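The values are calculated or read from the model by the stated rules, or taken from the named source; none is laboratory data. Bear in mind the structure is a predicted one, so any value in this text is a computation, not a measurement. Cβ placement follows ideal geometry from the backbone for every residue including glycine, while neighbour counts extend to all protein chains displayed.
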Amino acid sequence: MSDDAVAEHPAPGRLRQVTPNAAVMLCDNPGVMTLDGTNTWILRAPGREESVVIDPGPDDKKHLRRVADAAGVVALTVVTHRHRDHTGGLKKWEALSRSPIRAFMPEYCINTSTPLRGGETISAAGLRLEILHTPGHTADSLSILVDGGAGPGALVTGDTLLGRGTTVLDGTLADYLASLQLLARHASGRALLPGHGPDHADAGPVVAGYIAHRHERLDQVRAALDELGLTAGQAKPMKIVRHVYRDVDKRVWPAARKSVRAQLDYLVAAAPASD
Ligand SMILES: [Zn+2]
């Protein structure tokens, strides 16, 4: 085995082949929100020279250069969502790759004026990509079904599904639950290629776990409201965080606050109107 062969996540700064069609370059930007760092995915069918790059990552010259070296001719760059750990390096990446860069939001599209939309299919690098609009983590979050080439299909999820833990909601919970249902219809038997954390051979059980977790947290919020004698409309998010996220690292509480805000909004919208 050569010194360069790395089988396991995390391997920052080293290209790691995950499926016959997909390799990952993990950026060395670990953190409480980025886990081990941002995964930049390089997709190409075996034997193809050109590639599709998903999420060049943050403004990190070393990382972008490594991705450029590994990616060769970049036919297309796709951005899964607007957060800086995925988009901060776009300007430098454009200068390195000269590729069209496409995202849901027009302000992140470079060398093209056509934003991505759910349902669009793209042929590139010997692969067939189908774009899914999966809002919830953010309103502009996209996931990508990857077929063709060799081996089983894959599902690229950005931060909509992570390789471990759960994602934070910057969008609405109703959107997120609908997105999880959409992913559940496609996930089974596909490799999960997430924006952070380890990849998984089968995305199916991961999506099912995410759906179960969200319903569990909703039940916990309902129980906390009961205990505190508050309605979803009355409760302050931080009060619920202190109750429900007792067991969770305090550093994620500000992020959890956003999720609880989303849960309370969801429960308010779902509550039967009282005269
Ligand atoms: Zn991220």
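Below are the figures for this structure:
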| read-out | value |
| --- | --- |
| Which numbered condition Val248 fails, given (1) outside any helix (DSSP H, G or I); (2) modelled with pLDDT under 95; (3) of a type in the set (A, V, I, L, M, F, W, C); (4) within 21 Å of the chain's Cα centre (by Cα) | (4) |
| Residue count for segment 91-123, restricted to those that are surrounded by fewer than 22 Cβ atoms within 10 Å (Cβ to Cβ), in contact with a Pro (Cβ under 9 Å, 6 or more places away or on another chain), part of a helix (DSSP H, G or I) and hydrophobic (A, V, I, L, M, F, W, C) | 1 |
| Checking Tyr245 against (1) surrounded by fewer than 19 Cβ atoms within 10 Å (Cβ to Cβ); (2) more than 16 Å from the ligand (Cβ to nearest atom), the condition it does not meet | (1) |
| Some residue of segment 72-79 being buried (at least 18 other Cβ atoms within 10 Å of the Cβ) and over 26 Å from Gly189 (Cα atoms) | yes |
| Residues of segment 216-245 that turn out to be under 13 Å from Leu267 (Cβ atoms) and either among the basic types (Lys, Arg) or not assigned by TED's automatic domain parsing to the domain that holds Ser259 (or both), as a count | 2 |
| So Gly118, is it of a type outside the set (A, V, I, L, M) and under 26 Å from Ser259 (Cα atoms) | yes |
| Inter-residue pairs, beta-carbon under 8 Å, first of a type in the set (Asp, Glu) and in segment 195-209, second more than 16 Å from the ligand (Cβ to nearest atom), 6+ apart | Asp199/Val18; Asp199/Ala191; Asp202/Ala187; Asp202/Ser188; Asp202/Gly189; Asp202/Arg190; Asp202/Ala191 |
| Count - residues of segment 231-245 that are in contact with a helix residue (DSSP H, G or I) (Cβ under 8 Å, 6 or more places away or on another chain) and part of a loop (DSSP other than H, G, I, E, B) | 5 |
| Some residue of segment 80-87 being surrounded by fewer than 23 Cβ atoms within 10 Å (Cβ to Cβ), modelled with pLDDT of 95 or more and away from the ligand (no atom under 16 Å from the Cβ) | no |
| Boolean, Arg48 is of a type outside the set (Ser, Thr, Tyr), in contact with a Phe, Trp or Tyr (Cβ under 9 Å, 6 or more places away or on another chain) and surrounded by 17 or more Cβ atoms within 10 Å (Cβ to Cβ) | no |
| The lone exception for Gly72 - which of (1) more than 13 Å from the chain's Cα centre (by Cα); (2) at negative phi it fails | (2) |
| So Arg128, is it more than 16 Å from the chain's Cα centre (by Cα), more than 16 Å from the ligand (Cβ to nearest atom), surrounded by fewer than 15 Cβ atoms within 10 Å (Cβ to Cβ) and on the phi < 0 side of the Ramachandran plot | no |
| Total residues in segment 22-37, condition within 12 Å of the ligand (Cβ to nearest atom), of a type in the set (A, V, I, L, M, F, W, C) and under 18 Å from Thr87 (Cβ atoms) | 3 |
| Matching residues, segment 145-159, being away from the ligand (no atom under 15 Å from the Cβ), buried (at least 24 other Cβ atoms within 10 Å of the Cβ) and of a type outside the set (Gly, Ala, Ser) | Val146, Leu155 |
| Residue count for segment 109-142, restricted to those that are more than 26 Å from Glu49 (Cβ to Cβ) and not β-branched (Val, Ile, Thr) | 13 |
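Yes/no matrix, rows are residues, columns are (1) within 16 Å of the ligand (Cβ to nearest atom); (2) among the charged types (D, E, K, R):
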| residue | (1), (2) |
| --- | --- |
| Ile42 | no, no |
| Pro46 | no, no |
| Asp55 | yes, yes |
| Arg65 | no, yes |
| Ala70 | no, no |
